[in-house]
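Notes follow the structure.
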Amino acid sequence: MSTPLTLIGLGPMGRAMVRTFLAQGHPVTVWNRTASRADALVEQGATRADTPAQAVEAAKVVLLSLTDYAAMHDVLDGVDLAGKTVVNLSSDTPDRTLKAAAWLAERGAELLVGGVMVPAPLVGADGAYVFYSGPKDVFEAHKDLLAAIGRPDYLGEDHTLAQLFYQAQLDCFLTALAGMLHSMALVKTAGVPAAAFAPYLRDNLDSISTYLDETVEHVDSGQHPGDLANVIMMGATADHVVGASESTGLDTALPKAVQSLYRRAVEAGRGRDSWTALYEVINGRS
Ligand code: NDP
C-alpha cells in the first residue's frame with residue numbers, strides 16, 4: 001500500500017531513506033536546511049517543500065533524519081504539529097529524547113523514536129534493521145511503512161529504549177573502530193603497512209564475538225569465574241600496550257582508559273577473577 005510521508009533531513013541517511021521509500025512507491029515530501037540537497041531526489045520523484053511547515057502539512061507521518069534532537073527543535077519550533085506522528089531517526093541521549101517526547105506531546109504530536117543500525121548504502125537492504133520505541137499503537141500503525149528502510153524491531157513504550165540500544169551498539173562499535181586504528185598505528189611505527197597487518201587484525205576482530213556467550217553469562221549472573229584470562233594477566237598486558245604506545249610516541253588516551261579499568265578491578269580485589277569482572281568496575285559496583 002502506498003502511504004504518503006514527509007522526510008526532513010537529507011544527509012546521507014535521509015537521502016538513502018527517501019530513495020528507498022520512492023522505490024517502494026510511497027509519495028515522499030522532503031525538506032532540508034540546505035535546499036540543494038533535495039535536487040536529485042526531486043528529479044527521482046520526491047516533492048520539495050519550501051518550508052518545514054509546508055513539509056509537515058503534507059503528510060501525517062513525519063520522519064526526521066537530523067544530526068541530533070537540537071536540530072529537530074530548530075526545524076519544527078513554531079510549526080503546527082497537531083495530530084502528527086514524528087518518527088525521529090536521529091541519534092541523541094535518552095534524556096534529550098524524553099524531553100522531545102514531552103515537547104511534541106504538548107503540541108499534540110506523538111513521538112516514535114528510531115535508531116537505524118546500518119550505514120546509508122545498506123538502508124533498505126537485507127539485514128538492515130531499525131530499533132523503535134514509543135507508543136505501541138503508533139508503532140503498529142506505521143510498522144509496514146517503516147519496514148521499507150529495514151526490519152523494524154520494537155523495544156517497548158519507553159521512548160528512551162531505541163536510543164539506548166542504538167547508543168549501546170555504537171558504544172561497542174566506536175570503541176572497536178578506534179582500537180582498530182590504534183593497533184594499526186602501533187605496527188606502522190615499525191614501518192609496517194596496515195595492509196600487511198590486516199590479516200592478523202581480521203582474525204582478531206573475528207574472534208571477539210566468540211567471547212560473547214561466556215561474557216553474557218558472567219554479566220547476567222554477576223559471577224566472574226575463570227583462571228585462563230584473569231584480570232591480573234590481562235591488566236599486565238594492558239600496561240604493556242600503554243608502554244608500547246608511549247615508547248613509540250602514539251596517543252595513549254585509548255589504551256590508558258582500558259588500563260584504568262584493569263587497575264581499578266585489581267584494586268577492588270578482583271585480580272583472580274575473569275577479565276569480565278571489568279564489567280563491575282564499569283557498572284560502578286566493584
Ligand atoms: P548528517 O549529520 O550528515 O545530516 C544530518 C541532516 O541534519 C542534514 O540534512 C542537515 O542539514 C541537518 N541538520 C543538522 N543540524 C541542523 C539544524 N540545526 N537545522 C536544520 N537541519 C539540520 O547525518 P546522517 O545523514 O549521516 O545521519 C542522520 C542521523 O542518522 C544521525 O543522527 C546519525 O547519527 C544517524 N545514523 C547515521 C548513520 C551513518 O552511517 N551516517 C548510520 C546510522 C544512523 P544540512 O544538509 O543543511 O546540513
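The values are calculated or read from the model by the stated rules, or taken from the named source; none is laboratory data. This one's a predicted model, so the numbers in the text were calculated from it and none came from an experiment. Reconstructed Cβ throughout: ideal geometry from the backbone, glycine too, with neighbour counts over all protein chains shown. Calculation scope for accessible area: heavy atoms of the full protein, side chains included, ligands and nucleic acids excluded. Shrake-Rupley method; radii C 1.70, N 1.55, O 1.52, S 1.80 Å.
Can you tell me which residue among 205, 254 is closer than 18 Å to residue 175 by Cβ, surrounded by 15 or more Cβ atoms within 10 Å (Cβ to Cβ) and under 30 Å from the mean Cα position of the chain (by Cα)?
Exactly one of 205, 254 is closer than 18 Å to residue 175 by Cβ, surrounded by 15 or more Cβ atoms within 10 Å (Cβ to Cβ) and under 30 Å from the mean Cα position of the chain (by Cα), namely 254.
Of all the residues that make up region 215-250, how many are under 31 Å from the mean Cα position of the chain (by Cα) and either exposed (fewer than 13 other Cβ atoms within 10 Å of the Cβ) or hydrophobic (A, V, I, L, M, F, W, C) (or both)?
12
Within region 171-189, does at least one residue satisfy the condition of being closer than 30 Å to residue 134 by Cα and aromatic (Phe, Trp, Tyr)?
Yes.
Quick check, is residue 100 in contact with a strand residue (DSSP E or B) (Cβ under 7 Å, 6 or more places away or on another chain), farther than 22 Å from residue 16 by Cβ and within 14 Å of the ligand (Cβ to nearest atom)?
Considered against the rule, which asks whether it is in contact with a strand residue (DSSP E or B) (Cβ under 7 Å, 6 or more places away or on another chain), farther than 22 Å from residue 16 by Cβ and within 14 Å of the ligand (Cβ to nearest atom), residue 100 comes out as yes.
What is the one condition in (1) open to solvent by less than 30 Å² (accessible area, probe 1.4 Å); (2) in contact with a strand residue (DSSP E or B) (Cβ under 9 Å, 6 or more places away or on another chain) that residue 11 does not satisfy?
(2)
From 36, 2, 65, which residue is within 10 Å of the ligand (Cβ to nearest atom), out of contact with any strand residue (DSSP E or B) (no Cβ under 6 Å at 6 or more places or on another chain), of a type outside the set (A, V, I, L, M) and within 24 Å of residue 144 (Cβ to Cβ)?
65
Those residues that are under 12 Å from residue 46 (Cα atoms), surrounded by 15 or more Cβ atoms within 10 Å (Cβ to Cβ) and more than 21 Å from the chain's Cα centre (by Cα), I need them from region 14-35; list them, please.
Scanning region 14-35 gives 19, 21, 22, 26, 27, 28, 29, 30, 31.
Quick check on region 39-54: of everything there that is open to solvent by 40 Å² or more (accessible area, probe 1.4 Å), of a type outside the set (D, E, K, R) and closer than 18 Å to residue 5 by Cβ, which residue is nearest to the ligand (Cβ to nearest atom)?
51
Can you pull out the helices (runs of 4 or more DSSP H) entirely within region 170-286 that have at least 3 residues that are at pLDDT 95 or above and acidic (Asp, Glu)?
Fully inside region 170-286 and qualifying: 212-221.
So which residues in region 154-184 are surrounded by 15 or more Cβ atoms within 10 Å (Cβ to Cβ) and either within 21 Å of residue 123 (Cβ to Cβ) or touching a residue at least 60 places away in the same chain (Cβ under 8 Å) (or both), if there are any at all?
Within region 154-184, 154, 155, 159, 160, 162, 163, 164, 165, 166, 167, 179, 182 meet the criteria.
Mind listing just one residue for me: the one in region 82-94 that is away from the ligand (no atom under 16 Å from the Cβ) and at negative phi and, of those, surrounded by the fewest Cβ atoms within 10 Å (Cβ to Cβ)?
It comes out as 82.
Taking region 228-275 only, how many residues are of a type outside the set (A, V, I, L, M) and touching a strand residue (DSSP E or B) at 6+ places or on another chain (Cβ under 8 Å)?
Here the count works out to 6.
Checking the condition away from the ligand (no atom under 16 Å from the Cβ), open to solvent by less than 20 Å² (accessible area, probe 1.4 Å) and of a type in the set (A, V, I, L, M), which residue from 123, 138 passes?
Exactly one residue qualifies, and that residue is 138.
Search region 104-118 for residues that are within 16 Å of the ligand (Cβ to nearest atom) and pair each with any residue that is among the basic types (Lys, Arg) when their beta-carbon atoms are under 9 Å apart and the residues are at least 6 apart or on different chains.
Correct list of pairs: empty, since none qualify.
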